[in-house]
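The values are calculated or read from the model by the stated rules, or taken from the named source; none is laboratory data. Just so you know, these numbers come straight off a predicted model, no measurement behind them. Here the Cβ positions follow ideal geometry from the backbone for every residue, glycine too, while neighbour counts run over all protein chains shown. Note: accessible area is taken over every heavy atom of the protein model, side chains too, but ligands, DNA and RNA are not part of it. Shrake-Rupley method; radii C 1.70, N 1.55, O 1.52, S 1.80 Å.
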Amino acid sequence: MSHEDVLNPKHMPHDPEKATLEGKNKFLAFWFFLGGETVLFASLFGTYIALNSSTAGENTPEHLFGLELVFLMTMMLLTSSLTSVYAMYHMKNHDFRKMQTWLAITVLLGLAFLGCEIYEFLHYIHEYEFTFGSSAFASAFYTLVGFHGGHVLFGLSWIVTLMIRNQKRGLNLYNAPKFYIASLYWHFIDVVWVFIFTVVYLMGKVG
Amino acid sequence: MSTTAAQKGGLGAAIWDYLTTVDHKKIAHLYLVAGGLFFLIGGLEAMLIRIQLMKPDNNFLAAGLYNEMITMHGTTMIFLAAMPLIFALMNAVVPLQIGARDVAFPFLNSLGFWLFLFGGLMLNVSWFTGGAPDAGWTNYAPLSTTSPGHGVDYYVMGLQISGAGTLIGGINFLVTIVNMRAPGMTYMRMPLFTWSTLVTSTLILFAFPALTVGLFLMMFDRMFGAAFFDVAKGGNVIIWEHLFWIFGHPEVYILILPLFGAFSDIFSTFSKKRLFGYSAMVFATVLIGFLGFMVWAHHMFTVGMGPIANSIFAVATMAIAVPTGIKIFNWLFTMWGGQIRMTSAMLWSVAFIPSFTIGGMTGVMLAAAAADFQYHDTYFVVGHFHYVIVGGVVFGIFAALHYWWPKMFGKVLNEKLGKLAFWPFFIGFHLTFFIQHFLGLMGMPRRYWVFLEGQGLEAGNMISTIGAFLMAIGSVIFLINVVYTAVKEKKADGDPWDGRTLEWTMASPPPHYNFVQTPLVRGLDPLWVEKTEGKEGMTPAEPLGDIHMPNASILPFTMSIGLFIAGFGFIYQTDDKTWLVASVIGMAITFGSMLTRSLKDDLGHHIHKEELEEDIKKGVGK
Ligand code: HEM
Ligand SMILES: [Cu+2]
């Protein structure tokens, strides 16, 4: 049997992402990778918590943050997680078109989120002269939230690449794991944001 | 396949073969050569340090150069010598020990190597561009944030790149061991080297990201005007210390655990006994890995964390001595009553036991927080960590190289020369470092450029330097042995040591698909199980059939070189913003390669049954 036949079986299995050894390996490796990413963000959160009151007499969290925009961003990202679940649901039912549609919606929500974040940063810089080097708090804030934003950007590019690459040929056992782990990545980014929302914005406003 | 292509095409083709290879056995060679080279560079730096400290008020190295020398010695030895040499062993051995044809991600395996290499090159380029990093291998702020020139920037970028490679390697081995074991190879039948690779990889996964973050913060402060460690703007220098040691302490166990595994396999083979207390050994390895994350602040007793934190970390640190002790006794009991063969591998292993135990004992002394106020930052600490790292890690690497050399290169290292290398190194090691404990207790601080006359430190330092020369002699004899063996020794067969585990079931070196047929594992020490039943080799777990193998690729190399170029851009954009062009080009190369990887399917290729039958006729299958 050639590769083509193996990767495009007549009856797609129920879990196409884990049907091959390569798929199983990717699946497991990606969970491990997310374990490492957890430590990465934990270190960034630790740094932020240690420095969030080190404002050097400049802007404080309370002074800066407005919860309206951040709430909107939270909603967008949470919804995008849900839409990526729909996409994976359709993948498991082997409905490639619907999967692509839901992924596209996910990407749009992600882009909107990213737009808001860029707006937010620019706002701080222009209205408050709150820049990367203003204070230790500023550095920690931009680094933590910026790392998350960088992850969003990478996730978006990744999903879009996969969508374009496989547009014509549809789902098979070679690309199913790729779609699946990209969506795992997306969920992870979402979970991190929930923590940022709580630790940075809510606690910043209240504390 | 690729090997035959190399034979036909001469040198150019051979180089191309190694640049693109995804074969774990060849990647092991790459790690070995690169790690070995960095070991020599680091060794040279050590010799220069010892010459400077040979006599009081010496002026052999200028003060600034001395700082660069100690920084680069530590950084090189840990990140660029010990780590890659360990990865060389893991690559050479682990897939064979679990009955796999390659690692889970051959492409990433190659990427991990090239990232490490370019990170290491980056660090060492600093010697030629106006000065190496000089803030110690621990790179504490604000010493590092205020260090003039670009030395520390090279430290940051070099370690960031090579650290990414290590992380990738760790994940790769985790998945390989979890998913790729042959039928019957249950967890509790895995050789100890494989077990310790599994635990080490877990440590890498959870420890390295803390370093990644620390390096990013340092990079942002030094290159992009952030204020993490700038006290005037509310920064806090202790954050670096925490992040560094949250990584750094697990790192020392990342270094030693794989060698613990190698020693276990070696003791068992050369005592002709199964490992004493196998399950206790596994348990101890896992426990050490776990506790390794709970103790980082023992490096910071004098920072001012307060008596409660100090006490907690002191007790946690001392607790590690318990699983370590379990291991020491199990090795001794493995040898007890065995038919011991004192090969070179065994010699290094036996020498390891008392040497490492001394290091563990001084470790427990250091763990007593109140006493550590005296020891901290003196030569006592230098003595301690060289006893564990040289007496443990370096002895282990020598032992493991002697043991697995035939599997890696098809020839047994000359035994006479092997022992001849051992003795000067062993004696030199104790001469160099034992006396350093006393120098420390007498008050000699570490990292000082000179010591003064008439304080009783002359003799000790002289002895230490003499020892260092003996170690250098031992290392050179080992190198001579490598060349001598390559030229003079005859080919070894598949199982030169009367081995017990799967790596000894096929030819030396193995065919590039490792196993003609995946073996069926029927117990701990699977080959020994078959031998005791009078069988020639393993029972196959599958019929003879086509084998699926991964394709070679140049992309790992280009991805890494992209980051290398980008690194220079980041370093020099602080002088002149046009350097950002280099960063953009470098990142474009890296991301372009990633994109290519994503867009182009890589389905691998098949080795057909007919080819395998040919190979079996030639005797490869044994
Ligand atoms: C029983 C086991 C061990 C204990 C209790 C222990 C304890 C300690 C303590 C308390 C320190 C800090 C001393 C100070 O700076 O004042 C220290 C330093 C160090 N230890 Fe250990 N250790 C143990 C095993 C190891 C092992 C196995 C390794 C490496 C393979 C290692 C490598 C190091 C290094 C590199 C340093 C110095 C780092 C530096 O400041 O540059 N230790 N150890
Ligand atoms: Cu430690």
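Of note:
- When B:ILE358 is tested against (1) of a type outside the set (Gly, Ala, Ser); (2) crowded, with 22+ Cβ neighbours inside 10 Å; (3) within 16 Å of ligand 1 (Cβ to nearest atom), exactly one condition is not met: (2).
- Evaluation of B:ASP546 against (1) under 30 Å from B:THR71 (Cα atoms); (2) in contact with a strand residue (DSSP E or B) (Cβ under 6 Å, 6 or more places away or on another chain); (3) of a type in the set (D, E, K, R) (one fails), failing number: (1)
- If you go through the range A:1-39 and pick out every residue that is touching a residue at least 24 places away in the same chain (Cβ under 8 Å), among the aliphatic types (A, V, I, L, M) and open to solvent by 40 Å² or more (accessible area, probe 1.4 Å), you end up with 3.
- The residues in the range B:299-318 that are open to solvent by 40 Å² or more (accessible area, probe 1.4 Å) and away from ligand 2 (no atom under 11 Å from the Cβ) can be counted, and the count is 10.
- Failed item, numbered, when B:VAL350 is tested on (1) part of a loop (DSSP other than H, G, I, E, B); (2) more than 16 Å from ligand 1 (Cβ to nearest atom): (1)
- Candidates are the residues of the range B:469-499 that are open to solvent by less than 10 Å² (accessible area, probe 1.4 Å) and in contact with a Leu (Cβ under 9 Å, 6 or more places away or on another chain); the one that is farthest from B:PHE39 (Cα to Cα) is B:GLY499.
- Positions within the range B:509-526 being open to solvent by less than 10 Å² (accessible area, probe 1.4 Å) and in contact with a Pro (Cβ under 8 Å, 6 or more places away or on another chain), in sequence order: B:ASN514, B:PRO519, B:VAL521, B:PRO526
- Residues that are assigned to a helix (DSSP H, G or I) and crowded, with 24+ Cβ neighbours inside 10 Å were ranked within the range B:179-194; the one that is nearest to the other protein chains (Cβ to nearest Cβ) is B:THR194.
- Subset of the range A:154-207 that is free of Cβ contacts under 8 Å to residues at least 40 places away in the same chain and β-branched (Val, Ile, Thr) - its residue that is surrounded by the fewest Cβ atoms within 10 Å (Cβ to Cβ): A:VAL206
Listed here are the residues, each with its yes/no results for (1) more than 8 Å from every other protein chain (Cβ to nearest Cβ); (2) outside any helix (DSSP H, G or I); (3) open to solvent by less than 60 Å² (accessible area, probe 1.4 Å).
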{"site": "A:PHE41", "(1), (2), (3)": "yes, no, yes"}
{"site": "A:THR47", "(1), (2), (3)": "no, no, yes"}
{"site": "A:THR55", "(1), (2), (3)": "no, yes, yes"}
{"site": "A:GLU62", "(1), (2), (3)": "yes, no, no"}
{"site": "A:PHE71", "(1), (2), (3)": "yes, no, no"}
{"site": "A:MET76", "(1), (2), (3)": "yes, no, yes"}
{"site": "A:SER80", "(1), (2), (3)": "yes, no, yes"}
{"site": "A:THR83", "(1), (2), (3)": "yes, no, yes"}
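- Among (1) of a type outside the set (Gly, Ala, Ser); (2) within 22 Å of B:ALA552 (Cβ to Cβ); (3) more than 14 Å from chain A (Cβ to nearest Cβ) - the single one B:VAL584 does not satisfy: (2)
- Residue in the range B:343-353 that is within 16 Å of ligand 2 (Cβ to nearest atom) and more than 14 Å from chain A (Cβ to nearest Cβ) present: no
- The range B:215-242, residues that are open to solvent by 10 Å² or more (accessible area, probe 1.4 Å), within 11 Å of another protein chain (Cβ to nearest Cβ) and assigned to a helix (DSSP H, G or I): B:PHE216, B:MET219, B:PHE220, B:ASP221, B:PHE224, B:VAL231, B:ALA232, B:LYS233, B:ILE238, B:ILE239, B:HIS242
- Single match in B:MET54, B:MET72, B:MET77 (criterion: outside any helix (DSSP H, G or I) and in contact (Cβ under 8 Å) with a residue 24 or more places away in the chain): B:MET54
- One residue from B:THR202, B:THR269, B:THR212 being away from ligand 1 (no atom under 14 Å from the Cβ) and either outside any helix (DSSP H, G or I) or more than 9 Å from every other protein chain (Cβ to nearest Cβ) (or both): B:THR269
- Considering the range B:106-136, and only residues there that are of a type in the set (Phe, Trp, Tyr) and open to solvent by 30 Å² or more (accessible area, probe 1.4 Å), the residue that is farthest from B:ILE177 (Cα to Cα) turns out to be B:PHE128.
- Residue count, the range B:498-512 (criterion: part of a loop (DSSP other than H, G, I, E, B), within 25 Å of B:ASP23 (Cα to Cα) and touching a helix residue (DSSP H, G or I) at 6+ places or on another chain (Cβ under 8 Å)): 9
- Scoring B:ALA100 on the criteria (1) part of a helix (DSSP H, G or I); (2) surrounded by fewer than 24 Cβ atoms within 10 Å (Cβ to Cβ); (3) in contact with a helix residue (DSSP H, G or I) (Cβ under 8 Å, 6 or more places away or on another chain) leaves a single failure, condition (1).
- Condition check for B:GLY454: touching a Ser or Thr at 6+ places or on another chain (Cβ under 8 Å) and open to solvent by 20 Å² or more (accessible area, probe 1.4 Å): no
- Scanning the range B:273-298 for residues that are over 25 Å from B:PHE244 (Cβ atoms) and either within 11 Å of ligand 2 (Cβ to nearest atom) or part of a loop (DSSP other than H, G, I, E, B) (or both) yields B:LYS273, B:ARG274, B:LEU275, B:PHE276, B:GLY277.
For every residue, the table says whether it meets (1) more than 24 Å from B:THR138 (Cβ to Cβ); (2) in contact with a strand residue (DSSP E or B) (Cβ under 6 Å, 6 or more places away or on another chain); (3) modelled with pLDDT of 95 or more.
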position: B:GLY12; (1), (2), (3): yes, no, no
position: B:LEU30; (1), (2), (3): yes, no, yes
position: B:VAL33; (1), (2), (3): yes, no, yes
position: B:PHE39; (1), (2), (3): no, no, yes
position: B:MET83; (1), (2), (3): no, no, yes
position: B:PHE87; (1), (2), (3): no, no, yes
